[in-house]
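Q: Mind looking over this structure? Questions follow.
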Amino acid sequence: MENATTTFNIVSLSDSMTRHAHNYHQMVVGLTGQSEFDIKGVRKGLLAGTGCAVSANVEHSFYGDHDNQVLVVNTPLRCSDNSMALFAESSRTGYFNLDLRTQQLISLLTAEAQQSKTDTGLCNSISQTIFYLLKRSLISPTQERPTPRLDITLIDSYIQQHLDKKISVAELASLVFLAQSQFYLLFKEQIGITPHQYVLRKRLEFAKQLILGQRIPLSQIAQLCGFSSQSSFSQAFRRLYGHPPTRYQDHV
């Protein structure tokens, strides 16, 4: 994807260490998986929402794991806006973090560009927008940003609507336009438990409501709450509440 000033692409980095330099400035932002860069002797891993800036003609090395994807933004030397180069040259490490909103916007834009590769005008506009989103993020790279907050109401609503089905971390992460690894870390930091544990508790809370609300077989409750069998439902119920659902049902 390109325009008069900058180009961007989504690529997977090789799993073997590569070292080179190029005659243009470059920004790399992690999208999925993990990669690692070494710039001026400073080595750091890139996850979703983190990135690095490399000035033109600076040697650097990099590699990625088997499922990595990165957004690569190249800015030619003739570009009148050299904010990326200035950041890369003035930063001790060349690395940065994006706030959650910027990550979400970039995720939406790159997805749209991937689906509209033949629309040159749209891709040019997207390329320019991504450039300025990154530029805005680099104006004050050391400025503290508020801790990102997940929309738990949105997540709860999705879980409630799909309690009778399998719910993956990938599905929940896609709701808020984040990579699985980043969603997992943010979720655990904000809620205190893993997404899997959270979904399990929601299933069991719903099961208790069903037991309280009406006399229906536990096998049917297990099915309605997304458990593969009454046995797995009973085991999970006992682990969380200290007694089996039959005993809870007897005391209702």
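Q: Go through the range 61-77 and count every residue that is free of Cβ contacts under 8 Å to residues at least 60 places away in the same chain and either surrounded by 15 or more Cβ atoms within 10 Å (Cβ to Cβ) or of a type outside the set (S, T, N, Q) (or both).
A: Going through the range 61-77, the residues free of Cβ contacts under 8 Å to residues at least 60 places away in the same chain turn out to be 61-69, 77.
Checking the rest, the ones that are also either surrounded by 15 or more Cβ atoms within 10 Å (Cβ to Cβ) or of a type outside the set (S, T, N, Q) (or both) come to 62-69, 77.
Final tally of qualifying residues: 9.
Q: Hand me the list of helices (runs of 4 or more DSSP H) wholly inside the range 198-252 holding 1 or more residues that are more than 30 Å from Leu185 (Cα to Cα) and in contact (Cβ under 8 Å) with a residue 24 or more places away in the chain. Outline the logic, then answer.
A: Numbers: elements: 218-224, 230-241, 245-250.
Here the list reads 218-224, 245-250.
Q: Shifting gears a bit: Among the residues of the range 169-191, are any without any contact (Cβ under 8 Å) to a residue 24 or more places away in the chain, assigned to a loop (DSSP other than H, G, I, E, B) and farther than 11 Å from Gly226 by Cα?
A: The answer is no; no qualifying residue exists.
Q: While we're on this one: Looking at Gln160 and the list (1) modelled with pLDDT of 90 or more; (2) open to solvent by 30 Å² or more (accessible area, probe 1.4 Å); (3) outside any helix (DSSP H, G or I), which single condition is not satisfied?
A: Only one criterion in (1) modelled with pLDDT of 90 or more; (2) open to solvent by 30 Å² or more (accessible area, probe 1.4 Å); (3) outside any helix (DSSP H, G or I) is unmet by Gln160, namely (3).
Q: Return the total of residues in the range 166-177 being open to solvent by 20 Å² or more (accessible area, probe 1.4 Å) and under 15 Å from Leu31 (Cβ atoms).
A: First pass over the range 166-177, keeping only residues open to solvent by 20 Å² or more (accessible area, probe 1.4 Å): 166-171, 174-175, 177.
Checking the rest, the ones that are also under 15 Å from Leu31 (Cβ atoms) come to 170, 174, 177.
Number of matching residues: 3.
Q: With Thr102, Thr142, Thr118 as the choices, which residue is polar (S, T, N, Q), under 27 Å from Ser181 (Cα atoms) and modelled with pLDDT of 80 or more?
A: Only one candidate qualifies: Thr102.
Listed here are the residues, each with its yes/no results for (1) in contact (Cβ under 8 Å) with a residue 24 or more places away in the chain; (2) in contact with a strand residue (DSSP E or B) (Cβ under 8 Å, 6 or more places away or on another chain); (3) surrounded by 16 or more Cβ atoms within 10 Å (Cβ to Cβ).
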| site | (1), (2), (3) |
| --- | --- |
| Val11 | yes, yes, no |
| Ser14 | yes, yes, no |
| Thr18 | yes, yes, no |
| His25 | yes, yes, yes |
| Gly45 | no, yes, no |
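Conditions (1) under 18 Å from Leu105 (Cα atoms); (2) in contact with a Leu (Cβ under 7 Å, 6 or more places away or on another chain), marked per residue:
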{"position": "Asp151", "(1), (2)": "yes, no"}
{"position": "Ser157", "(1), (2)": "no, no"}
{"position": "Gln160", "(1), (2)": "no, no"}
{"position": "Val169", "(1), (2)": "no, no"}
{"position": "Leu172", "(1), (2)": "yes, no"}
{"position": "Leu175", "(1), (2)": "yes, yes"}
{"position": "Glu189", "(1), (2)": "no, no"}
{"position": "Ile193", "(1), (2)": "no, no"}
{"position": "His196", "(1), (2)": "no, no"}
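Q: Within 30 Å of Gly49 (Cβ to Cβ), open to solvent by less than 70 Å² (accessible area, probe 1.4 Å) and not aliphatic (A, V, I, L, M): which single residue out of Tyr184, Tyr198, Tyr241 fits that description?
A: So the residue among Tyr184, Tyr198, Tyr241 that is within 30 Å of Gly49 (Cβ to Cβ), open to solvent by less than 70 Å² (accessible area, probe 1.4 Å) and not aliphatic (A, V, I, L, M) is Tyr198.
Q: Quick one: Val58 ticks every box in (1) closer than 26 Å to Ser181 by Cβ; (2) crowded, with 16+ Cβ neighbours inside 10 Å; (3) out of contact with any helix residue (DSSP H, G or I) (no Cβ under 7 Å at 6 or more places or on another chain); (4) not hydroxyl-bearing (Ser, Thr, Tyr) bar one, so which box is it?
A: The one condition Val58 does not meet is (1).
The values are calculated or read from the model by the stated rules, or taken from the named source; none is laboratory data. Given the structure is predicted, the values throughout are model-derived calculations rather than measurements. Neighbour counts are summed over all protein chains in view; Cβ atoms, including those assigned to glycine, are modelled from backbone coordinates with ideal geometry. Note: accessible area is taken over every heavy atom of the protein model, side chains too, but ligands, DNA and RNA are not part of it. Shrake-Rupley method; radii C 1.70, N 1.55, O 1.52, S 1.80 Å.
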